[in-house]
Amino acid sequence: MKPSKIFFYFLSVFVLILGIAVIFPRDGIRLSDDLKLRFISPAGLFTRDTSSSIYTDSLIQNITVTDDPESGMINLPLFFQVPEPDINMDSIIRARIDSISNRVYPIEFPVQDSTGLAPFFIVAEKAIQNDRLIRILHYGDSQIENDRMTALLRYRFQKVFGGSGCGMVPAIPLYSGNPVFREKIEGDWIRYTGFGERDSTIEHSCYGMMACYTGVPKPDKDIVPSVEFIFRQGKRASSFSTIRIFLHAYVDSGMIAVHINDTISDTITLVHGGYHMIEYKIDTDVEKVKLAFNLQEGGRVYGISFDPEAGVQMDNIAMRGSSGLEFSNSDRQTLDTMLTAVNPGLIIMQFGGNVVPYIKSASFYKKTFKRELNYLKTVCPGVKIVVIGPGDMSTRENGKFVTFNTLEPVRDALREAALESGCAFWDMYEAMGGENSITNFVLADPPLATSDYIHFTPRGANLVAGMFFDAVMLEYGKYKAGQRNW
């Protein structure tokens, strides 16, 4: 086709679109109660977002922004520095708390709660001394997939309180690209989730604390099903001394062969039918771990954890498409057993983003999310829960991206559910800068959010994670100053 014909073809298409834009009703055409047909306005055809934000620029300046959660300086509050013996520590701590309060968006607690996060800080501080492992469970939707946000938080918590390793992971992930390891599998493993589109053929609700499990295939004469983890060296998250396998075998007489660095280290025999938590100690540096599951009728792997002996561990539990309403539907005994074994000291619930585009009743979401929080409190009595609300999310209207009008109602529903349940709340939306702040994240150089105006880039996820970490450290300063009592 001649270039001139191609040109006139595209010109005619553009004129047609412009004509439709001129005559199409500004408010759109309602097709039903739930569906409205809209068309871009003539001005919107030529509108380009060129927003900038002094607030976003200041966030980048005050928080260490990096693609690698284990690189760069850590903005630990100054009260971690030990003063000279003749200096009044209380006055130093209070002054330093005031200095960081000006740049930190704080965590909100119920009015009647004077303890803050003190219960967590007490056990975290003593974890190394008492030779105990204290876990932080980070539940969330797709914003935290592939260890986003969690990786930076884990690294910084471990720098403060001790610990290493990457925590619990599913045997087979839903997505690839984990920053700590790459994985190889042998056998027909299948992942089942207790959230999103659940497999209707599964007649039980035993999904465990990760809200998912991986079906172990039966071995055959040629293949023993296995999973292999190849760890990135030189990373704190790749350093561990204990492997824990949480599984359910369908029949007795199972075996698991453990290969460390391409060498068979041991074979765990007599894996009986039913639930198990198998713990395996390692006394060498690890580059590779291969686990071969010889379970005659197969089974379920609820998670595999790579941990230190003591300190703080943080698990990334991403639930793509979830609104955080599935916990009370999970088998209580399996959930109870796993949570008791891992000893959580803090639970973070980061949800709401999947509700924003589709919600019809924020009050109903508040009621159902509050039910989940109260359920988790009965399963983990005494464990502090922090709810993180959704960040800013935008939809395109008349050629410009604007914040969903349902975002603030969803944020408010989560905040009220958290505070009324005796939990804490951190407002990511306001911490980012509030309405239309996601646009500034998208337009930052390099970008802090993707072009869908919803999800963070790795750098943006680390920025927001750093903001939340500083909010936790502000609470730690108050605890050290005696402003939080327990």
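Only one of (1) in contact with an Asp or Glu (Cβ under 6 Å, 6 or more places away or on another chain); (2) assigned to a loop (DSSP other than H, G, I, E, B); (3) of a type in the set (V, I, T) is not met by I454, so which one is it?
Tallying (1) in contact with an Asp or Glu (Cβ under 6 Å, 6 or more places away or on another chain); (2) assigned to a loop (DSSP other than H, G, I, E, B); (3) of a type in the set (V, I, T), I454 fails exactly one: (1).
Mind checking which residues of segment 324-370 are closer than 16 Å to D412 by Cβ, assigned to a loop (DSSP other than H, G, I, E, B) and open to solvent by 10 Å² or more (accessible area, probe 1.4 Å)?
Selection gives G353, V355, I359, K360, S361.
Answer yes or no as to whether I122 is part of a loop (DSSP other than H, G, I, E, B), out of contact with any Lys or Arg (no Cβ under 9 Å at 6 or more places or on another chain) and among the hydrophobic types (A, V, I, L, M, F, W, C).
The answer is no for I122.
F293 is checked against (1) touching a Gly at 6+ places or on another chain (Cβ under 9 Å); (2) open to solvent by 80 Å² or more (accessible area, probe 1.4 Å) and fails just one. What number does that condition carry?
Among (1) touching a Gly at 6+ places or on another chain (Cβ under 9 Å); (2) open to solvent by 80 Å² or more (accessible area, probe 1.4 Å), F293 violates only (2).
Please work out which one of (1) surrounded by 15 or more Cβ atoms within 10 Å (Cβ to Cβ); (2) closer than 25 Å to R198 by Cβ; (3) at pLDDT below 95 is the condition F246 fails and give its number.
For F246, the failing item is (3).
Provide a single number: the residues in segment 259-278 that are more than 18 Å from V227 (Cα to Cα) and not in a strand (DSSP E or B).
Looking only at that region, the number is 2.
List, please: which pairs have Cβ atoms under 7 Å, are six or more places apart or on different chains, and start with a residue in segment 262-286 that is touching a residue at least 12 places away in the same chain (Cβ under 8 Å) and of a type outside the set (A, V, I, L, M) and end with one that is open to solvent by less than 70 Å² (accessible area, probe 1.4 Å) and part of a loop (DSSP other than H, G, I, E, B)?
G273/V251; K281/S241
Looking only at segment 100-107, decide whether some residue is of a type outside the set (S, T, N, Q), in contact with a Lys or Arg (Cβ under 6 Å, 6 or more places away or on another chain) and modelled with pLDDT of 95 or more. Walk me through how you get there before you give the answer.
As a first pass, look at segment 100-107 and keep what is of a type outside the set (S, T, N, Q): 100, 103-107.
Within this subset, residues satisfying the condition of being in contact with a Lys or Arg (Cβ under 6 Å, 6 or more places away or on another chain) are none.
Within segment 100-107, none of the residues are of a type outside the set (S, T, N, Q), in contact with a Lys or Arg (Cβ under 6 Å, 6 or more places away or on another chain) and modelled with pLDDT of 95 or more.
Tell me whether segment 132-144 contains one or more residues that are surrounded by fewer than 20 Cβ atoms within 10 Å (Cβ to Cβ) and out of contact with any Lys or Arg (no Cβ under 9 Å at 6 or more places or on another chain). Don't jump to the end; show me each part of the working.
Initially, segment 132-144 is screened for residues surrounded by fewer than 20 Cβ atoms within 10 Å (Cβ to Cβ), giving 132, 142.
Filter again for out of contact with any Lys or Arg (no Cβ under 9 Å at 6 or more places or on another chain), leaving none.
No: segment 132-144 contains no residue that is surrounded by fewer than 20 Cβ atoms within 10 Å (Cβ to Cβ) and out of contact with any Lys or Arg (no Cβ under 9 Å at 6 or more places or on another chain).
Looking at segment 194-210 only, could you name the residues that are within 30 Å of R156 (Cβ to Cβ) and at pLDDT 95 or above?
Y207, G208, M209, M210
Criterion first (of a type outside the set (S, T, Y) and not in a strand (DSSP E or B)) does G321 satisfy it? Even if it seems obvious, please write down each step before you answer.
Values: of a type outside the set (S, T, Y): yes; not in a strand (DSSP E or B): yes.
Criteria met by G321.
Please go through segment 249-271 and give me each residue that is open to solvent by 50 Å² or more (accessible area, probe 1.4 Å) and more than 29 Å from G162 (Cβ to Cβ), ordered by number.
Y250, V251, D252, S253, M255, D262, T263, I264, T267, T269, L270
Could you check segment 421-460 and list, in sequence order, the residues that are of a type in the set (A, V, I, L, M) and open to solvent by 30 Å² or more (accessible area, probe 1.4 Å)? Steps first, please.
The first filter runs over segment 421-460 and keeps only residues of a type in the set (A, V, I, L, M), leaving 424, 428, 431-432, 438, 442-444, 448-449, 454.
L443, I454 - these are the residues of segment 421-460 that are of a type in the set (A, V, I, L, M) and open to solvent by 30 Å² or more (accessible area, probe 1.4 Å).
Name the pairs: first residue in segment 246-258 and among the polar types (S, T, N, Q), second residue surrounded by 19 or more Cβ atoms within 10 Å (Cβ to Cβ) and assigned to a strand (DSSP E or B), Cβ to Cβ under 8 Å, at least 6 apart or on different chains?
Every condition considered, the pairs that remain are S253/V271.
The values are calculated or read from the model by the stated rules, or taken from the named source; none is laboratory data. These numbers were taken from a predicted model, which means no experiment stands behind them. Heads up, the Cβs are rebuilt from the backbone with ideal geometry, glycines too, and the neighbour counts pull from every protein chain shown. The protein model used for the area step is the full one, side chains on, heavy atoms only, and it has no ligands, DNA or RNA in it. Shrake-Rupley method; radii C 1.70, N 1.55, O 1.52, S 1.80 Å.
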